[in-house]
Amino acid sequence: MEEFFQQLTNGLAVGGIYALIALGYTMVYGVLKLINFAHGDLFTIGAYLGLTLLVSMGLFDKIGPLPAVILLAIMVMILVAIIGAILERVAYRPLRQSPRLSAVVSALGASIFFQNAIMAIYSPKFLVYPHNILPRTVVNIMGLDIPVMRIIMFATSLVLMAALYFFIQKTKIGTAIRAAAIDQGAAKLMGINVDRVIMLVFCIGPALGGAAGLMVGLYYGQINFSMGWMFGLKAFTAAILGGIGNIPGAMVGGLLLGVIEALGAAYISIAWKDAIAFCVLILILIVRPTGLLGERVAEKV
């Protein structure tokens, strides 16, 4: 049972990362009905920006570990949000009235551009975060030794997801985002600036992805220019698993996918963990094609 709970906590921590990235996919799809294939690379940019700021500014020596991590996360989220806004303005907005295939090709082109830009600026090699930045101690909870970093990752993911859910459900701007997702034409008639809403979505999603990239760098200790491909694919799977276009669905799908992967790696084989996750996805889509929580679809009368 101890191994089961260890893998469960590990799966929840990694699943929180998947959920944060999946939120970017599902928000963009909810408003534009478009899959942003460059989103995984924005996650990678967050990891690299985090390493750059960490090394160049020396925050941990100046203000201490916890304030440094918080400040670093805020800076990374802001910078990746700006990149996301530029991406929307350059790669997607000019093609909004074009056939959907044009936007898909543009997204793939942006992904290739970001990946090669990272490789050219840094290097194709793995880069390593400084060791012993955060405590590697464990906390004993009901007889179970859980690494502090695992708790921090899961708690941070929950806080960010809860903040996003509150923002979308309880604020006027969140209402505007939901209105634009239901019917952009009607939203314009109600005085909502749909272009600003879409740009805001392209800021929020990448910001969450950038925070996830920073957490992956701090947790695993090394990053690579191509890591956004696999993490992005897993997050996209999580979004479909929970119900593409559904924000709570992306959260649930990410956590569930992380737990399935962790348990599959522990009890079957680590070599089969990816295959197990995708097999579960196929099974759920056969039984419930709209995902676990289903896509939100407005009924027009």
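The values are calculated or read from the model by the stated rules, or taken from the named source; none is laboratory data. Nothing here was measured: the structure is a model prediction, and the numbers come from that model. For neighbour counting, all protein chains shown are included, and Cβ atoms are generated from backbone atoms with ideal geometry for every residue, glycine included. Quick note on the areas: whole protein, heavy atoms, side chains included, nothing else; ligands and nucleic acids left out. Shrake-Rupley method; radii C 1.70, N 1.55, O 1.52, S 1.80 Å.
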Review point. Just for the range 170-222: of the residues that are assigned to a helix (DSSP H, G or I) and of a type in the set (S, T, N, Q), which one is farthest from R89 (Cα to Cα)?
Key: T175
Review point. Taking the range 92-127 as the region of interest, how many residues are among the aromatic types (F, W, Y) and within 22 Å of L32 (Cβ to Cβ)?
Key: 3
Check your understanding: Could you give every pair whose Cβ atoms fall below 8 Å, whose first residue belongs to the range 138-163 and is over 13 Å from Q6 (Cα atoms) and in contact (Cβ under 8 Å) with a residue 40 or more places away in the chain, and whose second residue is open to solvent by 60 Å² or more (accessible area, probe 1.4 Å) and not acidic (D, E), counting only separations of at least 6 or pairs across chains?
Key -> M149/P135; M149/R136
**Study point:** Top-ranked residue in the range 107-129 [being assigned to a loop (DSSP other than H, G, I, E, B) and in contact with a helix residue (DSSP H, G or I) (Cβ under 7 Å, 6 or more places away or on another chain); ranked as farthest from M149 (Cα to Cα)]
**Key:** Y122
**Study point:** Among residues of the range 136-161, those that are among the hydrophobic types (A, V, I, L, M, F, W, C) and in a helix (DSSP H, G or I), counted
**Key:** 11
Review point. Looking only at the range 154-186, which residues are within 20 Å of A212 (Cβ to Cβ) and loosely packed, with under 13 Cβ neighbours inside 10 Å?
Key: A155, V159, A162, A163, F166
Exercise for review: Would you mind telling me which numbered condition in (1) without any contact (Cβ under 8 Å) to a residue 60 or more places away in the chain; (2) in a loop (DSSP other than H, G, I, E, B) I133 fails?
Suggested key: (1)
Review point. Can you name the residue in the range 253-288 that is surrounded by fewer than 21 Cβ atoms within 10 Å (Cβ to Cβ) and closer than 26 Å to Q169 by Cβ and is also modelled with the lowest pLDDT among such residues?
Key: I284
Practice item. Looking only at the range 4-18, decide whether some residue is closer than 30 Å to R178 by Cα and either in contact with a Pro (Cβ under 8 Å, 6 or more places away or on another chain) or among the β-branched types (V, I, T) (or both). Key: yes
Practice item. Answer with yes or no whether L208 is at negative phi, out of contact with any strand residue (DSSP E or B) (no Cβ under 9 Å at 6 or more places or on another chain) and buried (at least 23 other Cβ atoms within 10 Å of the Cβ). Key: yes
